[in-house]
Amino acid sequence: MINTASGEVDSFIHPDYANVTYDHDKDPSTPEVAWPDVYKRYASSTRRIDNEVGDLLQLLKDLQIDENTLVVFNSDNGPSMESYLEEEYAADFFNSFGPFDGIKRDVLEGGERTPLIARWPTKIPADQVIESPSIAYDWLPTFTEAAGYTAPVNCDGVSLLPILTGKGNQQESLIYVEYNQGGKTPEYEEFSPNNRGRLRKQMQMMREGDIVGLRYNIQGADDDFEFYNVVEDTHQTLNLATLPNMEALQVQMKERVLQVRMPDTNAARPYDNASVSAVTPHNLSSGLKWTAFENSAPHITKSR
């Protein structure tokens, strides 16, 4: 959808995309056809975002604060198919899910793993690529620490400043997603056969190292996870859950997902009434640690 300063809504198409064509039948011997208007508008909208980010960066430069301003650009999900579009739209036209399976409303990698760029010239070294996983709720503690405050006590994330700046010890992120959605994963030929047409309903994913635990159409807390090494197997084709060395991880992940989530009466889940296992303590020492804070932050802080 594109609004314009004048004319009809959804009418603007950037001149660069007005006459573009594509190989609609994947037969190089036949003539290409024009992009449908919805894809021309999608490309125009993406280009507009790019231009507007450029405007914002230029404004920071004009204000002479660009060198010490943290700018983060992040997509919130994979490509989507939306019912409000009047024309038929397929999320595989631009293959924006990259080398992954799934789209928005899937908890497969193509629905969850998204691009992110962070810029802070006085703090973040240029041209670095961070491979370790993080998640959207890590940015709240990141921003509060960057501003000189501690994160709220009920924050789920960890600050990413250590890995961004190369200073300090980076805590491991908790990568957890649960989602309830009707419908199925699209049956795109780019997807692995085992992921095409997957019934969604109640879904969960959790990551431990390079392994992602995945559950679709969950009926109860004892449903087994599928396990995929998403570094080596980006399309999540080889389910490792049947391997003998995965039995302990299966037990661990079933316990862990219950420990990290909080039931919500407005969004009932099939595992809401399952018993939560006790947390196994590690590296305990005798004594009591406490921290006092004195600041004007409008939230409860937490000790570290």
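The values are calculated or read from the model by the stated rules, or taken from the named source; none is laboratory data. What you are looking at is a predicted structure, and each value in this text was computed from that prediction instead of being measured. Ideal geometry is used to build each Cβ from the backbone, glycine not excepted, and the neighbour counts take in all protein chains shown. These area figures cover heavy atoms from the full protein model, side chains too; ligands, DNA and RNA do not enter into them. Shrake-Rupley method; radii C 1.70, N 1.55, O 1.52, S 1.80 Å.
Structure notes:
- Of all residues in the stretch 75-132, exactly one satisfies the criterion of being in contact with a Pro (Cβ under 7 Å, 6 or more places away or on another chain) and free of Cβ contacts under 8 Å to residues at least 24 places away in the same chain, namely Ser96.
- Filter result (hydroxyl-bearing (Ser, Thr, Tyr) and farther than 18 Å from Leu60 by Cα) within the stretch 101-131: Thr114
- Hits in the stretch 100-119 - residues which are surrounded by 20 or more Cβ atoms within 10 Å (Cβ to Cβ) and outside any loop (DSSP other than H, G, I, E, B): Glu109, Gly110, Gly111, Glu112
- Residue match in the stretch 199-209 (condition: at pLDDT 95 or above, open to solvent by 20 Å² or more (accessible area, probe 1.4 Å) and farther than 26 Å from Glu131 by Cα): yes
- Filter result for the condition that a residue is touching a helix residue (DSSP H, G or I) at 6+ places or on another chain (Cβ under 9 Å), modelled with pLDDT of 95 or more, surrounded by 15 or more Cβ atoms within 10 Å (Cβ to Cβ) and farther than 19 Å from Asp106 by Cα, over Thr150, Thr234, Thr185, Thr142: Thr142
- Residues (among the hydrophobic types (A, V, I, L, M, F, W, C), touching a residue at least 12 places away in the same chain (Cβ under 8 Å) and open to solvent by 50 Å² or more (accessible area, probe 1.4 Å)) located in the stretch 2-46: Phe12, Val33, Ala34
- When residues of the stretch 80-131 are limited to those that are of a type in the set (Asp, Glu) and within 22 Å of the chain's Cα centre (by Cα), the one nearest to Tyr39 (Cα to Cα): Asp92
- None of Leu240, Leu249 is in contact (Cβ under 8 Å) with a residue 12 or more places away in the chain, surrounded by 13 or more Cβ atoms within 10 Å (Cβ to Cβ), part of a helix (DSSP H, G or I) and of a type outside the set (D, E, K, R) except Leu249.
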